[in-house]
Structure formats: C-alpha cells, structure tokens
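Structure first, commentary second.
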Amino acid sequence: MRLLLVEDDPMIGRGMRQGMTDAGFTVDWVTDGRAAELALANDVYDMAILDLGLPGKDGMSVLADLRARRETLPVLVVTARDAVADRIAGLNAGADDYVLKPFDLDELVARVRAVLRRRADSPLLLECGELTLDPVRKDVRLRGAPVHLSAREFALLEALMQRPGAVLSREQLEDTVYGWGEEVGSNAIEVHLHNLRRKLGADTIRNVRGVGYKVAA
C-alpha cells in the first residue's frame, strides 16, 4: 500500500517514513500543504498521514478541500495540537483518526492499519487461484500455507494481484514499490520477481515479453 506522508519537521518526517517503510508500506514524503495537494491529485495513494501545522497551506485546509471534492481517501491526522477543540475540528473536517505528538511508531503503524481496515470499500482479501493476500495483515498464503515475503516482494505481489490478468510494465511496478527519491537498481524488479517465483511457483507470475508482468486471472 502506498502512503502520502505530509510532515514539515525533517527529523520527525524521516523517522515516520522509515517506520512506515519498515512496516511494509511504500511512502512518499512532502513537507508543505501545496505539495500535498499536488501529490493527492495523482490519485495513487491508499492513505494520507497529515500534519496540521504546515507551511504554504495548513493541514486542516488541505483536509477540508479534499473532503469538499468528495474524496474518500483515508486520512490520519498527526499533530501536536492537543486541545479537545482541535481534535473535534479535525474529525469534523473529515479525518479518520487523530494521533497526538509525541507518539510511538508501533502505535502509529497500528492506527494506520486500523483505519485501512475500517475504510476498506471492497473485500480485503485478494485471491488468484490458490494464492491469497491480505493487504492489511500483510499475510500471504499458498494453498492455505503461509508464505514469508520481504516488504518489497509483498508490495510487488500486491500490485499484481490487485489487477489479475492485467500486464504491468516494469516502470509501473517500480512506481508502486518504490517511493520518491529511492534509488532503484536497473534489475531490482527482476530480482524481486525471481524471488517471488521461487517462493510461489514459476508459473505464478508470467513475463509478457517486451510488455511487462502479470499474475494469472
């Protein structure tokens, strides 16, 4: 799952991005409200983590404008504003949850996953033949037996299983699996796909020569 992190404090932002990446999420990080709006216009995110005290445009306005467009993207507000009135205002503006700074990274990850569970509009379980994937619990099973994947392998498999039968190019897969500014090796996707085939079976993911990759519908 791809998250947009909106946080202007460099130290906090780095810690949050690392923590969410370690938890298996792909994270793009912006530091002001205007950049957040531009990023959200791309419609590629599963959730936003939004600070309120932002330069350019404050987080409450970003949230209010998002909801005014009837966008249903889940939003978790993370802020130092601890007054009850601020929390009520954030929730009334359309936040799905509200976390106060300072916070524990493990709790933040748990709250993100809880919001995603609550806001899911479709069944959480992805299925392709004898293969199942739970995006929230980060659980993959083949014929009922658990399969242990790295965070990159899981993200790659999830992207393919979200569109069974569709062919995704290497560039599309890189955009899904890697966040902005991350260095991507020339054969990184191929290495992850090789590992997935080794764990799931050679025919699970197919190469459409010159086009890309797909899982069987």
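The values are calculated or read from the model by the stated rules, or taken from the named source; none is laboratory data. In this text the structure is predicted, and so the values were computed from the model without any measurement. For neighbour counting, all protein chains shown are included, and Cβ atoms are generated from backbone atoms with ideal geometry for every residue, glycine included. Ligands, DNA and RNA are excluded from the accessible area calculation, which covers all protein heavy atoms including side chains. Shrake-Rupley method; radii C 1.70, N 1.55, O 1.52, S 1.80 Å.
The helices (runs of 4 or more DSSP H) falling completely within region 24-122 that include 2 or more residues that are among the β-branched types (Val, Ile, Thr) and at pLDDT 90 or above map to 105-119.
Cβ-Cβ contacts under 6 Å between residues 6 or more apart (or on different chains), taken from a first residue in region 11-40 that is open to solvent by 30 Å² or more (accessible area, probe 1.4 Å) to a second residue that is in a loop (DSSP other than H, G, I, E, B), are listed as Thr31/Asp8; Asp32/Leu54; Asp32/Pro55; Asp32/Gly56; Arg34/Gly56; Arg34/Lys57.
Quick check on region 42-54. Is at least one of its residues surrounded by fewer than 19 Cβ atoms within 10 Å (Cβ to Cβ) and farther than 29 Å from Lys138 by Cβ? Yes, region 42-54 has at least one match.
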